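One structure below.
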Amino acid sequence: MMNDIPYKTYLTENELPTAWYNLRADMKVKPAPLLNPATRQRVTAEELEHVFCRELVKQELDDTTPFIPIPEEVQKFYRMFRPSPLIRAYFLEKALGTPARIYYKFEGNNTSGSHKLNSAVAQAYYAKAQGLKGVTTETGAGQWGTALSMACAFFGLDCQVYMVKCSYEQKPFRREVMRTYGADVTPSPSMKTKVGRAINEAHPGTTGSLGCAISEAVEAAVSQDGYRYVLGSVLAQVLLHQSIIGLEAHTAFDKLGVKPDTIIGCAGGGSNLGGLIAPFMGEKLRGEADYRIIAVEPASCPSFTRGRYAYDFCDTGKVCPLQKMYTLGHDFIPSANHAGGLRYHGMSATLSELYAQGLMEARAVEQTSVFRAAEQFARVEGILPAPESSHAIRVAIDEALRCKEEGKEETILFGLTGTGYFDMVAYEKFNDGEMSDYIPTDEELAASFAKLPAC
Ligand SMILES: *Cc1c(COP(=O)(O)O)cnc(C)c1O
């Protein structure tokens, strides 16, 4: 298996991207505009600036500028943990006996253990540049909260994190990492906000959801002077920052003289997938190249494969703008059995539009098969993957096995978004044979779709 293709391909500092790529600029049909939840009219920059940082609002609404320069300070921070390696999975290929060539872009080499730091540092930078005191946010599994805490510590900003209660209780060490970086962490729903108190009253004993935590974090931002709300996924600005993943991967493939046939990524709110595919999808949109792109989601939270493409609320409290996206309904909460992350009810508007146009595929996978793939990968490739990332591993393995059956030498790229050291409760369940799969029924989804707003 010694070969002229190295195990790892890094870029030199001179080859690092100096601008993010805004995929929307190359889309002929743009993602639908965000709507004001009260008036149902197209949301204005001014309205968004009450909630979000000014420069980030500009990025959110800009669907025409293809390249947006990465501020010098952000580029410097990126150099502490970037470039991330593009790794040839020689050992996994061998274990599978596949003629396929498998590559993965590994984003887990920083304390947040995920790609989330790519956007956190950008968002904290713009908040600081605006002269704000601090930012508020929500976190589910904890990677985003950790990434934002790190970025805020670096730029000297206050950081208030609303952490979904079940995760706060299941992952006390995540909370401690955030506190180590100086963040204030509150389990959500809390009694600190109006919306939190209302949710607690309506659902006593609830262990929370991302949608609730978002509503709390937004309320906390708009009710304190000098604070804004930041979000770690779903939004176009987050996909923009995450394009660093795809830009680096594209340059690394160019250096190798290789082109991927299939690109696979897990999809929660769509930020890592949107970032990984950005430059490749750009070529596809411009008619310069073709790639097969597969989004992988949990069967227990199947936004693309079973959701509706419709305007919906991004949060339970209905305070965020309405977005047209593949959604399971803003009240949808995945089954408590579901331990594998990617729990958000909706999906990036950009990816939703690309999917609606048939430019990418989606596949839903069950969590026991995801953890089987995680284990198989960990045992040969030496990285303990995050459950979220393992959705992509599952489909990469399935595709490699298909290549074996068909005797095809295809090149597969997948995004390995992070490590799973804080997910050992889920791994424990899997190892003890106590993990089950839950797939929502059509009736459950129909009940949730019935609450979609009319727009
Ligand atoms: C947050 C997260 C995801 C899912 O978020 P996206 O916005 O869909 O990328 C995937 N993997 C890891 C490790 C994460 O932390």
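The values are calculated or read from the model by the stated rules, or taken from the named source; none is laboratory data. Here the structure is a predicted model, which means the values were calculated and not measured. Counting neighbours? That spans all protein chains shown, and the Cβs are built from the backbone with ideal geometry, glycine included.
A few comments on the model shown:
- Hey, L86 touching a Gly at 6+ places or on another chain (Cβ under 9 Å) and hydrophobic (A, V, I, L, M, F, W, C) or not: no
- The residue of segment 321-367 that is surrounded by the most Cβ atoms within 10 Å (Cβ to Cβ), among those that are within 17 Å of the chain's Cα centre (by Cα) and aromatic (F, W, Y), is Y326.
- For segment 58-72, filtering for residues that are of a type in the set (V, I, T) and in a strand (DSSP E or B) leaves 1.
Let's see how each residue does on (1) assigned to a helix (DSSP H, G or I); (2) closer than 23 Å to T327 by Cα:
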| position | (1), (2) |
| --- | --- |
| I397 | yes, no |
| F414 | no, no |
| V425 | yes, no |
| F430 | yes, no |
| G433 | no, no |
| Y438 | no, yes |
| E444 | yes, yes |
| A447 | yes, yes |
| K451 | no, yes |
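For (1) within 16 Å of the ligand (Cβ to nearest atom); (2) β-branched (V, I, T); (3) under 28 Å from P85 (Cα atoms), each residue gets a yes or a no:
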site	(1), (2), (3)
R343	yes, no, yes
T350	yes, yes, yes
L354	yes, no, yes
S369	no, no, yes
H391	yes, no, yes
D398	no, no, yes
G433	no, no, no
D437	no, no, no
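- Residues in segment 138-164 that are of a type in the set (V, I, T), in a strand (DSSP E or B) and either under 20 Å from K76 (Cβ atoms) or within 15 Å of the chain's Cα centre (by Cα) (or both): T139 only.
- Taken over segment 372-389, residues that are surrounded by fewer than 24 Cβ atoms within 10 Å (Cβ to Cβ) and either within 13 Å of the ligand (Cβ to nearest atom) or not in a loop (DSSP other than H, G, I, E, B) (or both) amount to 10.
- Conditions (1) outside the structural domain of L240 (by TED's automatic domain parsing); (2) out of contact with any Lys or Arg (no Cβ under 7 Å at 6 or more places or on another chain); (3) farther than 19 Å from V238 by Cβ: number failed by V57: (3)
- Enumeration of residues in segment 144-158 that are under 17 Å from I214 (Cβ atoms) and in contact with a Gly (Cβ under 6 Å, 6 or more places away or on another chain): W144
- Looking only at segment 231-246, and only at residues there that are in contact with a strand residue (DSSP E or B) (Cβ under 7 Å, 6 or more places away or on another chain) and away from the ligand (no atom under 12 Å from the Cβ), the one that is nearest to T350 (Cα to Cα): L240
- Selection of segment 187-202 for residues being within 24 Å of D423 (Cα to Cα) and surrounded by fewer than 23 Cβ atoms within 10 Å (Cβ to Cβ) yields P187, S190.
- Those residues of segment 199-231 which are in a helix (DSSP H, G or I) and free of Cβ contacts under 8 Å to residues at least 24 places away in the same chain, in sequence order: N200, E201, A202
- Filter result for A100 (touching a residue at least 24 places away in the same chain (Cβ under 8 Å) and in the same structural domain as G208 (by TED's automatic domain parsing)): no
- Among residues of segment 156-183, those that are closer than 19 Å to A124 by Cα and crowded, with 19+ Cβ neighbours inside 10 Å, counted: 10
- Scope segment 37-57; condition surrounded by 15 or more Cβ atoms within 10 Å (Cβ to Cβ) and either basic (K, R) or in a loop (DSSP other than H, G, I, E, B) (or both); matching residues: P37, V43, E49, V51, F52, C53, R54
- Check on T251, surrounded by fewer than 24 Cβ atoms within 10 Å (Cβ to Cβ), touching a residue at least 40 places away in the same chain (Cβ under 8 Å) and of a type in the set (S, T, N, Q): yes
- Only one of the listed residues (N118, N110) is out of contact with any strand residue (DSSP E or B) (no Cβ under 6 Å at 6 or more places or on another chain) and either among the basic types (K, R) or outside any helix (DSSP H, G or I) (or both). That residue is N110.
- The lone criterion from (1) of a type outside the set (F, W, Y); (2) in a loop (DSSP other than H, G, I, E, B); (3) away from the ligand (no atom under 13 Å from the Cβ) left unmet by G268 is number (3).
- Taken together, the residues in segment 412-455 that are of a type in the set (S, T, N, Q) and either surrounded by fewer than 19 Cβ atoms within 10 Å (Cβ to Cβ) or in contact with a His (Cβ under 6 Å, 6 or more places away or on another chain) (or both) amount to 4.
- Options Y162, Y168, Y181; residue that is of a type in the set (S, T, Y), modelled with pLDDT under 95 and either within 16 Å of the ligand (Cβ to nearest atom) or touching a Ser or Thr at 6+ places or on another chain (Cβ under 9 Å) (or both): Y168
- Some residue of segment 12-31 being modelled with pLDDT of 95 or more, among the hydroxyl-bearing types (S, T, Y) and touching a Ser or Thr at 6+ places or on another chain (Cβ under 7 Å): yes
- All of (1) within 27 Å of E176 (Cβ to Cβ); (2) buried (at least 18 other Cβ atoms within 10 Å of the Cβ) hold for M80 with one exception: (2).
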